[in-house]
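The values are calculated or read from the model by the stated rules, or taken from the named source; none is laboratory data. Worth saying up front: this structure is predicted, and the values here are computed from it rather than measured. Here Cβ is always computed from backbone atoms with ideal geometry, including for glycine, and neighbour counts include all displayed protein chains. These area figures cover heavy atoms from the full protein model, side chains too; ligands, DNA and RNA do not enter into them. Shrake-Rupley method; radii C 1.70, N 1.55, O 1.52, S 1.80 Å.
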Amino acid sequence: MIKKAFVSVDMEGLPHITSNEHMGPGDHLYDEARSIMTECVIAMVDELHNSGFNRVVVADSHGPKVNLIPERMPGFVDVVRGNPRSISMVAGGKGCHAALFLGYHAKPGTPNSTFDHTIDDRIIRTLKYNGQESSEFYMNAATLGEQGVPVILVAGDKTLLDDDVAKHTPWSVRVPLKESLGRYSAISSSMPESLQKIREGVKEAVSKYDGDAMELLKLRTPVETEIYFTNSAYAQIASHLPGSSLVGGWGVRFSAQSMEEAYRVTQLLVFAASGVKSSAGE
């Protein structure tokens, strides 16, 4: 029997990553960030394999989504790479038995958090599903929950873990990889200790999963979605969506029949806003 785990890995919540120079190709510290991400993923998937999962799907989910060093992945790992993809950070998760989030960060406006944002802080001020302000953790966990996949572990910024994770998926094992001192500063353990924390967290999470101690995060449907943008032009173009309505000058509201539909439409509107941003020369 194939026992399959899903890992969604972001970058901002990983240890030692604190600068915009870590964030993408061409940035001065990007190679360092890629190495950190790859080391953390290897520790997680290796421990999952040791704990009985014979296949692991890893979704490279930061920025350009081609950050992991693929030739370093073990043979039992499938890697989801590239952008765009309709359910972005959780593409490839459907059909897996359990999900783990690695390197996750807090939602916009969260005090004492590193790189607080949801999806793109150049585009989105606030994202809400059924009135609840959403982090990437929340929208991803809810989408997987709708697909029958429990989130058994979240590793990342301590502020996210103490806030959204404790509130919305209290059954998930929480592994703090950094403690923020501000948007661009944090305290992180050494890499050997951080990797050991990941391994110990995986062991605990799998033990709880095997003991049926995990649940699913599911949202009420239809999912009432509100997106508040950083520019009124982005809201204007988003309001062209059939069935949507403007909320003031910055926001748009629409109803989706499922969380996956809400996620897909959110992605669509972000890409539409990005097109407006580009055409305006911003």
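Scanning segment 56-78 for residues that are over 18 Å from the mean Cα position of the chain (by Cα) and either crowded, with 17+ Cβ neighbours inside 10 Å or among the aliphatic types (A, V, I, L, M) (or both) gives 69, 73, 77. Across segment 180-195, the number of residues qualifying as within 18 Å of the chain's Cα centre (by Cα) and either open to solvent by 40 Å² or more (accessible area, probe 1.4 Å) or within 9 Å of residue 15 (Cα to Cα) (or both) comes to 1. Listed conditions (1) open to solvent by less than 50 Å² (accessible area, probe 1.4 Å); (2) touching a strand residue (DSSP E or B) at 6+ places or on another chain (Cβ under 6 Å); (3) of a type in the set (D, E, K, R); (4) free of Cβ contacts under 8 Å to residues at least 24 places away in the same chain are all met by residue 81, apart from (1). Condition (residue is under 27 Å from residue 145 (Cα atoms) and either acidic (Asp, Glu) or free of Cβ contacts under 8 Å to residues at least 24 places away in the same chain (or both)) applied to segment 189-201: is it met by at least one residue? Looking through segment 189-201, at least one residue is under 27 Å from residue 145 (Cα atoms) and either acidic (Asp, Glu) or free of Cβ contacts under 8 Å to residues at least 24 places away in the same chain (or both). The requirement of being of a type in the set (Lys, Arg) and more than 21 Å from residue 136 (Cα to Cα) is fulfilled nowhere in segment 249-262; no residue meets it.
With respect to the conditions (1) open to solvent by 20 Å² or more (accessible area, probe 1.4 Å); (2) in contact (Cβ under 8 Å) with a residue 12 or more places away in the chain; (3) within 26 Å of residue 112 (Cα to Cα), residue 8 falls short on a single one, namely (1). Considering segment 84-97, and only residues there that are crowded, with 21+ Cβ neighbours inside 10 Å and of a type outside the set (Gly, Ala, Ser), the residue that is nearest to residue 30 (Cα to Cα) turns out to be 89. Looking across segment 238-248, the residues that are of a type outside the set (S, T, N, Q) and open to solvent by less than 60 Å² (accessible area, probe 1.4 Å) come down to 238, 241, 247. With respect to the numbered conditions (1) surrounded by fewer than 18 Cβ atoms within 10 Å (Cβ to Cβ); (2) in contact (Cβ under 8 Å) with a residue 40 or more places away in the chain; (3) closer than 24 Å to residue 203 by Cα, which one is the sole condition not fulfilled by residue 50? Condition not satisfied by residue 50: (2). Filtering segment 1-46 to residues that are more than 16 Å from residue 194 (Cα to Cα) and hydroxyl-bearing (Ser, Thr, Tyr) leaves 8, 19, 30. Residue 278 meets all of the listed conditions (1) in contact (Cβ under 8 Å) with a residue 60 or more places away in the chain; (2) out of contact with any strand residue (DSSP E or B) (no Cβ under 9 Å at 6 or more places or on another chain) but one, namely (1).
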